[in-house]
Every structure is written in C-alpha cells, then in structure tokens.
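Below you'll find the structure, written out as structure tokens, and then a few comments.
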Amino acid sequence: MIEFGQFSLDNGLKVVVAENKRAPLVAFDLMYHVGSKNEDWGKTGFAHLFEHLMFEGSRHAPGKLFDELLQNAGGENNAYTSEDLTNYYEILPSHEIELAFWLESDRMRFLNISQDTFLNQRDVVIEERRQRVDNQPYGTAMEKLASLVYTQHPYRWPVIGYVDHLMDSTLEDVSQFYHRFYSPDNATLVLSGDISLGLAKEYSEKYFGEFKPSGPVDRKFQFDGKLTEERRETVFDSVQLPAFFMGFPTVSETDPDYFALDLLADILSNGKSSRFYQDLVYSNGLAQSVSAFQEQNEHPGIFGLYGIAKPGISLKNLEDRAFAHIEAIAEKGVSEAELEKVKNLSVSSVISRLQGVANSADFISRYAGLYQNPDFVNQLIPLLEKVTVNDIQRVASTYFSKSGRAVLHYLPKQNA
Amino acid sequence: MNTPDRNQIPKGKTPDPFVFPQWQEYTLINGLTVVILEDHTFPTINFRLMVPAGGIRDFGIPGLTSLTAELISRGTVTLEGSAIAAEIESYGGRFFSGCQWDASFVFISSLSRYQSRALELLAESIRQPGFREKEVSFLADQRLNNLKMNRDSTSWLAGYVSNKVLFPGHPFENPINGTSESLTKISPGTVRNHFSRWFQPTGSLLIVMGDTHPDKILPQIETHFASWCPEPWEPHQIPPLPLIRHNQIVIADKPDAVQSSIRVTHHGISRKNPDLPAIIVMNTLLGGYFGSRLNLKLREEKGFTYGVRSAFSERLFAGFFTVATDVRNSVTGEAIREIVHEMKYMQTHLPDSKVLSNVRNFLVGRFPSDFETNEQLSQAIMDLKLYGFDEQYFTRLRNQISRITADQVLDAARKYLNPDQACIIVAGKADDIEAQLSEFGNPVQYDLTGI
C-alpha cells in the first residue's frame, strides 16, 4: 500500500504527495495531459518535439540554465512523451527541492524559444527517429502495425512522428500548442520521497498559485470500431530473419476486460514457462523469440503478437501456430494454477514499479493525471486478483479473430 | 498569496549527510560470503550469487563462461529447466544467470512466502547443475541466431569491430556470448570442465535482499551451502593488453544505413586505478552527462545526433575508453573532427571553475540515487567485494570527487585520454562516409563475413 495526500490549487493544478524517508531524495513529476493523440494529421510528432523545446529556456531561466541549475543542485531530469501524456521529472536531494518548483513553474508559464533552438531541436528529433526507428531492424514495425489497425483514431501515427510532418512544423505551432495544453488545469504534480504534505502545499501555492487556468481542453476523437477484415502487408527490410507482427484492437486500461487481456498476454509469453516459449521457442524450435502484449492506453489499445522465425522456418507456419494458442484458450480455457502463476508474476511486477522515488512518482502520476485517481496504484493488485479463468477464456474468444486483425510480415531485403 | 520573486533562484537548505546503508555479513566455513539486507517494505525477496569467474576466463573458447553461467539456471541433475521455470514463476519470481567480464551471477527472486524453496532451487542449481545436451545445443543455437540478427544493427557492429581492433588475441576481442565458430564447438563436457574449474565457493558472494530475517534464513543458507566444497585449482594468468597499431580507421559497411555509429576509442583503465575520482570528473565534463562538452557541441549546437557519450569501461583488467554516437551519414567526418577536438581540448585547457564545480556538485548530489533500491544496493556490494574495496569505499569516493581540482582534471585528461593514437571505428554506409574519413588516415573496410 502506498499512502499519499492530495490537494488541488484554485487554478486546477492537482498535487499528490507520497512521502517516504527511505533516502534523502524527492522525485518531482509534472505530467501534462497531452500526447501524440492530441496532434493533428500533418503535424505528427509535435507533442514530442515540444517536449524537447521545454528544456531550451524560459524567461527567468534562459538558455541552458534549466539543466545547469539542476546539475549544480545534484539533480537529474528528463521527460518523455506517449500517445496520451507528457511527463517531466526531476530527481533531487530533498534539501534542493524548491528549485524544481521554481524551474517547472517558470517553464509552465514563461517558455521562451528562439527560431534557432527550434530548428536545432527539430534536427535532434529527426536524428532520434533515425536512431530508434529507421536505422533499427524491424524498427518501423510497431508504427506500421498501428497504421493498419487504426484508420480514424490518432493512435494510427507514431509518437515520434513522420519526418515530413516534423519538417513542416514552425515556431508559430509552438506558441499555439503551448497555450492550448500547458496550463495548471491540464497538469498534475506528483511528489514522491522525502517531502511533507505541508511543504508541498507551501511551494505549490507559492510557485504555481498565481497562474490562471486556461479552461477545458477540447478532447474530441474519432474512434475505430472492431476490425471487420484482415489487413495484411509485407515489408522488405534490412533484417536477417523473417518476423510477423499481428494486432487486434481491444480496450483501454480502464475497461473491465483490460486485466484479463493483460494476464492472457502473460499466459502466452511471460517467462520461460509461458506457452509461447515452451512450445514455439524451446520445444519445437520455430521461433527465435515470440511475444504477446496488451497496450496500456487511455483509449482502446492493441493486443499484439510478434515472432521472429528461426532460419528455415516458414513464417506463415509460425504465425498460425502462435494464433492457435489463443484459439486453444478460447476453446479450452486455462487452469487455475496457470492463472495463479501469472497473477503472482504481475503482483511482483507491480511491487517492483513502486521501488525508488522516480519509479513510484511515475507510476502514480499516470493514474493521478489521466484519471484523477492516484489510488489506482493500490487497486491494481485487487483488480488482478479478481480475474477468473472464465474471464480469460471469455476475452480469448471475444477479441481475436482471423477476419478482424492486422498482420505484417517483415522479410529480408535480399528476398525481395 | 505568497508571490514568488522569480528573479531569485531558490537556495538549497542544508544537505543530509550521505550514509551508505548497513548490511549484515557472514562467512561460511567454505569461504562463501553471505550478505543480508533486511527490508520489509514489500513482500518480496531475492538472492543473488556472484562467482568471481567472468568472460575473461574464456581462453580459446569465446562465450564458454557465459554459456556455462546461463546454463546454471536451466536445469539440475534431477530437475528439468522447464520444471524449475514453471515452479519459480508460479511463486511470482524469476530465475536467470549469466556473466560479465569479471564475474558470473545467478539470480532468483520470489514473493517472500516462498523464500525457503527459492533458496533451495538456487542451491541445487549451483551445486548440481544438469548441463544437459538439449539445453547446451538450444542456447548455442539461440546465440548463433542472435549473432546473425545483430549484423543489422550499426551500433552492435561498431562495438564488435572496436573490440577486434583494440584487443587482438585477448579474451576481450570476442563477443562475451561467443562467436559463430566457438558456439558450434561447445559440448556438455566442455561446459562441465569449465564449471568445475572456475565456479567455486571461495571468493563467491551470496546477497539476500528483502522481506526476511537473518535468524530464519541464515540457518537455511548454512544447510544448503556450507558443504559446497572448494576444489583445488590453479589461478591462471590473465594476458596483458595486446600492443596494437594506433590510429586505425575502420569501416564496417552497412549499405542501407541512414546513420553512422561512431566509436573513437583506445585502451582504458582498471576499476582499481587510484586516479579514478579525477577520471570520473574529467570524463563527466567531456562526455559523461547531458551538459558535457561533447553533448552540448554535437547535439545542442550542431543538431547532428540524439546524443553522444564518453565512458571508461569498468573492469578488473584494463578495458577501454570510448566516445560513442550515432549521426546522420553526411556529417560523419565533421562529428569525428569535433570529438577529437574536444578530447584534445581537455588535455590543453584547465576546466572553467564554474563548470567544474557544477559537475562536482552534480556527481556528489546524485550519489544517493545510485544506492536507493535493493537492486542498486546489491550491485554496489557486489562491486565492493569483487574489486576488493572496503565498506567505506563509496563514502570516500564521494568525498574525493567533491575535492577534485582543475589541475587534477587536466592531469587526468593528459594521462588517460589519447586522441592522437585513438582508433576510429564507423559502422555505416561506406559509399557515403569513406571519403569523409580520409582526413583522419587511411580507412579500411572490416571483413564482416563469418560473424
């Protein structure tokens, strides 16, 4: 159990404090409820590019002062952007925590970006895309899979964005985006570690209290329904071994079926005793690796399967064998013991995400920021425990069909 | 409302002193050291066994130590690996093993109510490993395929060729997981011999962390481990680093690459080097943190890369120094020029006093966050034991770093950086980059067949 206090400022900034004195450290985690799904087509990648710009100076901490002051205080900082959120964090010795309030409040209201820094960070982000996506074997697979599963919802494009869209973005977009999404009423602050609720209140009021809210963010999205066809594509890539990627549209992380789907993915591929590893990797030598996952998103995400075939193995055969495991569960279900095993693995994994101030702040901020429910971290284990063998069988027969899925094959270029 | 003066940078309060967490330590009669870190925050436990036999023992058969180590968690004389995996995973745990260059480790975790059985499985695995034919050939085959797949990663290729250039004829020359030649040769017999020669209780360390009580767990450790007898063995000599040709310019060609993976590299230092505090500060200034000279130049000024880092590898026997980055093809030559320039700059200029104090404060201030979780603490204690440091080591290192002067930084750069003799390795599209590299010497292409 994680215990915490929480309060809101008049301007709508929500603050959660999880005090623990284990180490003289505090993680300061400021999450804005904006991600790549808030972008418009033609401007993909902008939420993430904007995250980079937040490190490039504000009125009272211009230039590189943000990093320099934090480093001088013995602090570390970074940020990340997902489809749903952008999270900025500092980890500081507790006696220096006021600095994080000063710096984060300054860039919430007084960001100051020049054309030069904008162009520089646009280059950096394009290199980030090359390094993580374009220059990696199978690096484009997840974005291609999403673009097959979704045709309407903005989850169809990648967080990192497309290069031509990034090149089309301008400094004017920066200003618009900033005013639309970066305000106290669209943000949640989580403090984890050696800080009291009283001090958190004092500093939050002092540094964020005077900012005006900017009103509700327009959150209208077009959703995709169930897939009613099979969408297939073959990609010839710079890879040595063929691989398949398969996606099914499923549910959001707040849907009652989310935990059953997550546990189904674990039954298939979590650990050396999982069904995929035992059958496809170890006993029958069809796959070099094979995995299943349920995406954790605010809106309905993808349940995915992927496998890399061993040399000389038919990719179609591997794909069919992997899917047959889901069909077998839909037909015959799973044993109580197998479900108990993956529940125990999930409990251990929840516990490991609560260790360390940075980890726990990040974990809490997701639920506090997206759903105004930080206590969700304490409800995860009871919710996992409630899943029954019937639930597993039911989701296996509900969400998976050969005529409602996307399938990608990655083949070595020399086969083209 | 208390309105802030935003022109006033907040001053920190008085820091708490750094205190390395306490642990309890015991030595069994066979020489095995046992460390217990009790922590009841969460109902979990893990055991980590460290054996001072790393990849450096791979004489003649690359990957043998690592394969031997990994096999320890894949079956005993009486239990199949699959059965052990199913059992430990049903306890919410993990069981795996492997090796680094200086040591091997076996790790097992579980929800704490299963701790006795987890300990028993660990003990049986290290004392009576199965080394079955099927497991040996399965793992060798997995590794052969991984090698094949790695050929499409420019960063892997750059690291691979760097080791070939820096360490010819030395165990560090080869991937720690083995080569396509060695992996086809290793038999269960080879593994058994290697295991009985190097995997001994003497010098080994068992770290227990989590929701347990020494009164309860220590007698069980005695029961399972005290009779693990050391076999007589002769320590073998580790060869010194080879003499190599300096200034080699080597390309690993990947014709469809859209970025070049660059390594500017030379031989490095041992983890036990007495100048380590100054070297840490010097390397941090050069390329060890976000605000480093290299990152500010190549990323924040030029926009060539997502990031660049420099590092000294930490090994018992001297490893290497390297600057590593990925840049778009067209700026490969210019990026290398900047890297060499910054290395030379460190050797010819005293660091700015404000920047130096900033880096010292950064390193000292972030110290506690390296020792926060059980995982980090166990890694730190393993390092103390492996490299023969006393328990004050980390406290002392932090104090030494806080006092490093500009002169010491300059001395460390002159003594331990070697830009004039460094080798330059680039994995990328040769057609685009070869001409750019000619200003540094005569680039040669590395023959990648047979990896």
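The values are calculated or read from the model by the stated rules, or taken from the named source; none is laboratory data. All of these numbers come straight from a predicted model, not from anything done at the bench. Cβ sites come from the backbone with ideal geometry, for glycine too, and all protein chains shown count toward neighbours.
So which of B:LYS134, B:LYS185 ends up being surrounded by fewer than 17 Cβ atoms within 10 Å (Cβ to Cβ), without any contact (Cβ under 8 Å) to a residue 12 or more places away in the chain and either over 30 Å from B:LYS429 (Cβ atoms) or among the aromatic types (Phe, Trp, Tyr) (or both)?
None of the other options fit; the residue is B:LYS134.
Assess whether A:ILE302 counts as being surrounded by 20 or more Cβ atoms within 10 Å (Cβ to Cβ), more than 21 Å from A:TYR371 (Cβ to Cβ) and at pLDDT 95 or above.
Details: surrounded by 20 or more Cβ atoms within 10 Å (Cβ to Cβ): yes; more than 21 Å from A:TYR371 (Cβ to Cβ): no; at pLDDT 95 or above: yes.
For A:ILE302, the condition - surrounded by 20 or more Cβ atoms within 10 Å (Cβ to Cβ), more than 21 Å from A:TYR371 (Cβ to Cβ) and at pLDDT 95 or above - is not met.
List the residue pairs whose Cβ atoms are under 9 Å apart, where the first residue sits in region B:138-163 and is farther than 21 Å from B:SER310 by Cβ and more than 7 Å from chain A (Cβ to nearest Cβ), the second is of a type in the set (Phe, Trp, Tyr) and not in a helix (DSSP H, G or I), and the two are 6 or more positions apart or on different chains.
From residues that are farther than 21 Å from B:SER310 by Cβ and more than 7 Å from chain A (Cβ to nearest Cβ), there are no pairs.
Residues that are of a type in the set (Phe, Trp, Tyr) and either modelled with pLDDT of 95 or more or more than 30 Å from B:PHE394 (Cα to Cα) (or both): find the strands (runs of 3 or more DSSP E) completely inside region B:253-361 holding 2 or more of those.
Once the strands (runs of 3 or more DSSP E) in region B:253-361 are filtered for at least 2 residues that are of a type in the set (Phe, Trp, Tyr) and either modelled with pLDDT of 95 or more or more than 30 Å from B:PHE394 (Cα to Cα) (or both), what remains is B:305-312, B:320-328.
When you check A:SER283 against the structure, is it modelled with pLDDT of 95 or more, away from every other protein chain (no Cβ under 12 Å) and surrounded by fewer than 18 Cβ atoms within 10 Å (Cβ to Cβ), yes or no?
Criteria not met by A:SER283.
Taking region A:328-358 as the region of interest, how many residues are part of a helix (DSSP H, G or I) and within 25 Å of B:PRO368 (Cα to Cα)? Quick ask: steps written out before the conclusion?
Within region A:328-358, the subset part of a helix (DSSP H, G or I) is A:328-332, A:336-353, A:357-358.
After this cut, where a residue has to be within 25 Å of B:PRO368 (Cα to Cα) as well, the list is A:348-353, A:357-358.
Adding up the residues that qualify gives 8.
Is there a residue in region B:79-88 that is within 9 Å of chain A (Cβ to nearest Cβ), without any contact (Cβ under 8 Å) to a residue 24 or more places away in the chain and farther than 18 Å from A:GLY285 by Cβ? Give the steps one after another, and end with the answer.
As a first pass, look at region B:79-88 and keep what is within 9 Å of chain A (Cβ to nearest Cβ): B:81-88.
From what is left, the residues that are without any contact (Cβ under 8 Å) to a residue 24 or more places away in the chain are B:82-83, B:85-86.
With the extra rule that they be farther than 18 Å from A:GLY285 by Cβ, the set shrinks to B:83, B:86.
Yes: region B:79-88 contains one or more residues that are within 9 Å of chain A (Cβ to nearest Cβ), without any contact (Cβ under 8 Å) to a residue 24 or more places away in the chain and farther than 18 Å from A:GLY285 by Cβ.
Assess whether A:HIS153 counts as being of a type outside the set (A, V, I, L, M), touching a His at 6+ places or on another chain (Cβ under 9 Å) and away from chain B (no Cβ under 12 Å). Working first, answer last.
Details: of a type outside the set (A, V, I, L, M): yes; touching a His at 6+ places or on another chain (Cβ under 9 Å): yes; away from chain B (no Cβ under 12 Å): yes.
So A:HIS153 passes the test.
Restricting to region B:89-114, name every residue that is in contact with a strand residue (DSSP E or B) (Cβ under 7 Å, 6 or more places away or on another chain), more than 10 Å from chain A (Cβ to nearest Cβ) and part of a loop (DSSP other than H, G, I, E, B).
Those that are in contact with a strand residue (DSSP E or B) (Cβ under 7 Å, 6 or more places away or on another chain), more than 10 Å from chain A (Cβ to nearest Cβ) and part of a loop (DSSP other than H, G, I, E, B): B:TRP101, B:ASP102, B:ALA103.
Farther than 30 Å from A:ILE195 by Cβ, more than 14 Å from every other protein chain (Cβ to nearest Cβ), in contact (Cβ under 8 Å) with a residue 60 or more places away in the chain and loosely packed, with under 15 Cβ neighbours inside 10 Å - does that describe any residue in region A:333-354?
no
List pairs: first in region A:106-130 and within 18 Å of A:LYS64 (Cβ to Cβ), second of a type in the set (S, T, N, Q), Cβ under 6 Å, 6+ apart or cross-chain?
Filtered contacts from region A:106-130: A:ASP106/A:SER58; A:ARG107/A:SER58; A:PHE110/A:SER58; A:LEU111/A:SER58; A:ASN112/A:SER58.
So which helices (runs of 4 or more DSSP H) are wholly in region A:45-113 and hold at least 1 residues that are basic (Lys, Arg)?
A:97-109
Criterion first (more than 14 Å from chain B (Cβ to nearest Cβ) and without any contact (Cβ under 8 Å) to a residue 24 or more places away in the chain) does A:ASP168 satisfy it?
no
Hey, any hits in region B:117-129 for a residue that's under 26 Å from B:PRO255 (Cα atoms), part of a loop (DSSP other than H, G, I, E, B) and not acidic (Asp, Glu)? Even if it seems obvious, please write down each step before you answer.
As a first pass, look at region B:117-129 and keep what is under 26 Å from B:PRO255 (Cα atoms): none.
Checked region B:117-129: no residue is under 26 Å from B:PRO255 (Cα atoms), part of a loop (DSSP other than H, G, I, E, B) and not acidic (Asp, Glu).
Test A:SER82 against the stated conditions and say whether it is over 21 Å from A:TRP157 (Cβ atoms) and either more than 8 Å from chain B (Cβ to nearest Cβ) or surrounded by fewer than 22 Cβ atoms within 10 Å (Cβ to Cβ) (or both).
no
For B:ALA318, only one of the following conditions fails: (1) touching a Gly at 6+ places or on another chain (Cβ under 7 Å); (2) more than 30 Å from A:SER192 (Cα to Cα); (3) surrounded by 21 or more Cβ atoms within 10 Å (Cβ to Cβ); (4) in contact (Cβ under 8 Å) with a residue 60 or more places away in the chain. What is its number?
For B:ALA318, the failing item is (3).
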